[in-house]
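J.: Provided herewith is a single structure, encoded as structure tokens, for subsequent inquiry.
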Amino acid sequence: MEVAELQKISSQIRRDIVRMVSDVQSGHPGGSLGCADFFAALYFEIMDIDPAKFEMDGKREDLFFLSNGHISPVLYSTLAHRGFFDKSELATFRLIDSRLQGHPSPAKNLPGVRIATGSLGQGLSVGIGAALAKKLNGDEKIVYTLHGDGELQEGQIWEAAMYAAGNKVDNLIATIDYNHKQIDGDIDDVLPMGDLAQKWQAFGWEVLKMDGHNHEEIVQTLTKAKSMCGNGKPIVIIMETIMGNGVDFMMHTHKWHGSAPSAEQAKEALSQLTETLGDY
Amino acid sequence: MKTFEIIDHKDTRSGFGAGLQELGKTNPNVVALCADLIGSLKMNAFKDENPDRFFQIGIAEANMIGIAAGLTIGGKIPFTGTFANFSTGRVYDQIRQSVAYSNKNVKICASHAGLTLGEDGATHQILEDIGLMKMLPNMTVISPCDYNETKAATIAIAEYEGPVYLRFGRPKVPNFTDPNKKFVIGKADVMNEGKDVTILATGHLVWKAIEAGKALLEKGINPEIINVHTIKPFDEETVLNSINKTKCVVTAEEHMMNGGLGDTVAQLLARKLPSPLEMVAVNDTFGESGKGEELLTKYGVNTQDVIAAAERAVQRK
């Protein structure tokens, strides 16, 4: 897929995110906007998946787990445009009886979601388990996970990091959304984490870095990561992003981590984002 | 009173190990995970016979629960093994989100439950695990009474699709149930038919209830003894039928009163059949180091306590 096409998809995903959280006046737009480019590349270019025939066991296809489940809007919009369900369902986000829960869950049988996430730090372990099952099944597809940078403060992440390297779980590509921000402010003010790349290297992972807003670089880096699978090491990509990317007044601040724009603010945000695939 | 022959004395954890070993031979989807307690959990045989399907996780229980949840996504049936304390309290949120809410087919297998863990003391003697697990939607909670029943339960839960908590213990205790009896999840087992008082027991307390039953009979009280090996889903029908006949009830468990079998029964009776109820359980205190039998006596959950509770229940009719 051409970069221009991925950019169009990202723009539509960002529009959906703004509209979804604004409509219900709740949700997490900042991290969602920051990961729109990654989701477009991952779901429309990288992963081998069959949205029309979603099966929970995911055999013979790539799998993705959103460990930082609070950025569910970007996942839901991506899944809808990729064909897992009709985009009209995005209008039900966070409403009662919806399959689009505030944080993703398989409890409502939403195609594309295989595990509940939201309580942070659990998705890497789940990804490892799914990757181990693929190895047992002789399934050569890959497991992808995404994590917030703040999420790395959870101890379970490092239990999982140690396990994956120690046991050569090399069909696993984890990506860190490194926007340097969390709810209470800058990561360096809340709990400094030092040199993330060195930490992951010390735990025995292959470490790649990429600019999370450059589609060409995202595709190249994920493709490189895929080519490195099977070499005895799990792979982590530290993805530099800007929280709120794509909407000028929402960028470079933690303020929009978990706050919804008002109707007026949403209108201003949408004026900066081109409708490319049709709003829901 | 029906006679129960003691076949031998064995630990229930060895029943788990034997059941898991059999599953290794019969069900290729069964995998096992352990957090550095292979010997204590009796998982050696499964590990040795199925090295590709065994995962040593290390001392990282949260990661173990998450990996188990992930393994189900590829169609595997993971059995996690560690002490009951680290199987539940330590990883409650991981179980809640990745297993119970996600409704994953994980079998959480927990040894060294309760006071009879003994000398290690209160840090390891969890008495809240049944309560923690039974509160979770989607979770099935099983507490078998001896080696044979634990083995049968281990095999049975592999056939059931959904999250299960399987609780067993450390000490060697009388092994007396029929080794050929099929374990039926959710079906309480009437061990002895009686008419004066219903004794509902679970886990190690089932044998204590049988011992108590003999003494009660000598005192002129004919007890109906029911092995409640499944705490959830709870077999209301069997229990209510019995209490309708006996008009009073005793519960007996190696667990905290809050959240245990007695609490489930109290809720049921309050809703459907108000009746005198006496609970043999640990009452809002932690345990301590000591020998298992000594601790059961000190904390009021031994044979004598079941006898006394039955007498009180009968007097309250």
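J.: Report, as a whole number in µm² per second, the diffusion coefficient that Stokes-Einstein gives for the range B:8-175 at 20 °C and 1.002 mPa s using the Kirkwood radius over alpha carbon pairs. Before the final figure, lay out each step's value.
T.: Values: Rh = 15.3 Å.
So the translational diffusion coefficient is about 140 µm²/s.
J.: Let me ask something else about it. Order by neighbour count: A:ASP97, A:ASP86, A:ASP16, B:ASP305, fewest other Cβ atoms within 10 Å first, most last.
T.: Least crowded to most crowded, the residues run A:ASP97, A:ASP86, B:ASP305, A:ASP16.
J.: Loop-only check: which trypsin sites (Lys or Arg not before Pro) in the range B:130-210 are DSSP coil with at most 15 other Cβ within 10 angstrom?
T.: B:LYS181, B:LYS182, B:LYS187, B:LYS195
J.: Amide H to amide H under 5 Å from B:HIS255: which residues, 5+ apart in sequence or cross-chain, H placed 1.01 Å off N in plane?
T.: B:VAL282
J.: How many angstrom separate the Cα center of the range A:210-257 from the Cα center of the range B:86-152?
T.: 39 Å
J.: Which FRET efficiency value, to the nearest 0.05, do you get for B:GLU294 and A:ALA4 by plugging their Cβ-Cβ distance into 1/(1 + (r/R0)^6) with R0 = 56 Å? Intermediate values should be presented prior to the final figure.
T.: Working: r = 77 Å, r/R0 = 1.37.
The value I calculate is 0.15.
J.: With the dipole of the range B:21-178 worked out from charges on the C-beta (+1 for Lys and Arg, -1 for Asp and Glu) around the Cα centre, which of B:ALA100, B:PHE176, B:PRO51 lies farthest toward the positive end?
T.: B:ALA100
J.: Which Cα, out of A:ALA107, B:ALA156, A:VAL143, lies furthest along the positive dipole direction of the protein assembly as shown (beta carbon charges, K/R +1, D/E -1)?
T.: Checking the options against the dipole of the protein assembly as shown, the answer is B:ALA156.
J.: Sticking with this structure for a sec: Hey, with R₀ at 25 Å, roughly what FRET efficiency would A:ASP279 and A:LYS255 work out to, going by the Cβ-Cβ distance, to 0.05?
T.: Efficiency computed from Cβ-Cβ geometry: 0.50.
J.: How do A:GLU216, B:GLU278 line up, fewest other C-beta atoms within 10 Å first?
T.: A:GLU216, B:GLU278
J.: To continue, here is another question. Could you calculate the contour length gain from B:GLU193 to B:ASP8, that is, 0.36 nm times the residue separation minus the distance between their Cα atoms, to one decimal place in nm?
T.: Extra length from B:GLU193 to B:ASP8 when fully extended: 64.2 nm.
J.: Could you tell me which of rounded, prolate or oblate describes the range B:189-315, using a ≥ b ≥ c as the square roots of the eigenvalues of the alpha-carbon gyration tensor, with rounded for a/c under 1.5 and, failing that, prolate when a/b is larger than b/c and oblate otherwise?
T.: Because a/c hits 1.5 or more and a/b fails to exceed b/c, the range B:189-315 counts as oblate.
J.: DSSP loop GluC sites (Glu not before Pro) in the range B:83-189 with at most 15 other Cβ atoms within 10 Å of their Cβ, which ones?
T.: Loop-located and lightly packed - B:GLU119, B:GLU161.
J.: Arranged by the count of other C-beta atoms within 10 angstrom, fewest first, what order do A:PHE39, B:PHE86, B:PHE4, B:PHE286 take?
T.: Ascending number of Cβ neighbours within 10 Å: B:PHE286, B:PHE4, B:PHE86, A:PHE39.
J.: Using a Gaussian network model on chain A with a 10 Å cutoff between Cα atoms, which of A:PRO73, A:PRO104, A:PRO192 fluctuates the most?
T.: Looking only at A:PRO73, A:PRO104, A:PRO192, the largest GNM fluctuation is found for A:PRO192.
J.: Oh, and also: Assigning unit charges at the beta carbon (Lys, Arg +1; Asp, Glu -1) and nothing else, what dipole magnitude in debye, to the nearest 20, does chain B show about its Cα centre?
T.: 560 debye
J.: What number, in percent, do you get for the relative contact order of the range A:3-271 if the mean sequence gap of Cα pairs under 8 Å and at least 6 apart is divided by its residue count?
T.: 25 percent
J.: What nm distance separates the two modelled labels at B:ASN180 and B:ASP48, each placed 7 Å from Cα along Cα→Cβ?
T.: Each label point lies 7 Å from its Cα, and together they span 2.9 nm.
J.: Where in the range A:133-195 are there trypsin sites (Lys or Arg not before Pro) that are in a DSSP coil and have at most 16 other Cβ atoms within 10 angstrom of their Cβ?
T.: A:LYS168
J.: Rg/Rh for the range A:3-271 to two decimals, with Rh computed the Kirkwood way over all alpha-carbon pairs.
T.: Rg divided by Rh gives 0.94.
J.: Helix A:123-136: angle to the longest alpha-carbon principal axis of chain A, degrees 0 to 90, nearest 10?
T.: 50 degrees
J.: Here's something else I'd like to know. Modelled label-to-label distance, B:ARG271 and B:THR285, 7 Å Cα→beta-carbon offset: nm?
T.: In this crude spin-label approximation the distance works out to 3.2 nm.
J.: Let me ask something else about it. Just from its helices, what would the mean residue ellipticity at 222 nm be for the protein assembly as shown, if runs of 4 or more DSSP H residues each count -39500 (n - 2.57) and the sum is divided by every residue, rounded to the nearest 500 deg cm²/dmol? Could you put the intermediate results ahead of the total?
T.: Working: 22 runs with 223 residues, N = 597.
Helix contribution divided over all residues of the protein assembly as shown: -11000 deg cm²/dmol.
J.: Enter the angle in degrees (range 0 to 90, nearest 10) between the Cα long axis of helix B:303-315 and the first principal axis of the Cα atoms of chain B, meaning the one along which they spread out most.
T.: The answer is roughly 50 degrees.
J.: How are the alpha carbon pair distances in the protein assembly as shown distributed across 10 Å bins from zero to the largest one, expressed in percent?
T.: Over the protein assembly as shown, the share of Cα pairs per 10 Å bin runs 4, 17, 24, 20, 15, 12, 6, 2, 0 percent.
J.: Continuing with this model, one more query. Can you tell me the 0 to 90 degree angle between the C-alpha axis of helix B:236-246 and the longest principal axis of chain B, rounded to 10?
T.: Tilt relative to chain B: about 20 degrees.
J.: Structure shown: which of A:LYS135/B:LYS47; B:LYS10/B:LYS291; B:LYS10/B:LYS107; B:LYS2/B:LYS317 lie over 20 Å apart, alpha-carbon to alpha-carbon?
T.: Correct reply: B:LYS10/B:LYS107; B:LYS2/B:LYS317.
J.: On alpha carbon coordinates alone, what is the Rg over Rh value for the range B:172-230, Rh being the Kirkwood radius?
T.: 0.98
J.: Cα gyration tensor of the range A:151-280, axes a ≥ b ≥ c as square roots of the eigenvalues: rounded (a/c below 1.5), prolate (a/b > b/c) or oblate?
T.: Here the range A:151-280 falls in the oblate category.
Values in this text are rule-based calculations from the coordinates and carry no lab data. Computed from a prediction, not measured in an experiment: that's the story for all the values here. Cβ: placed from backbone, ideal geometry, glycine included. Neighbour counts: every protein chain shown.
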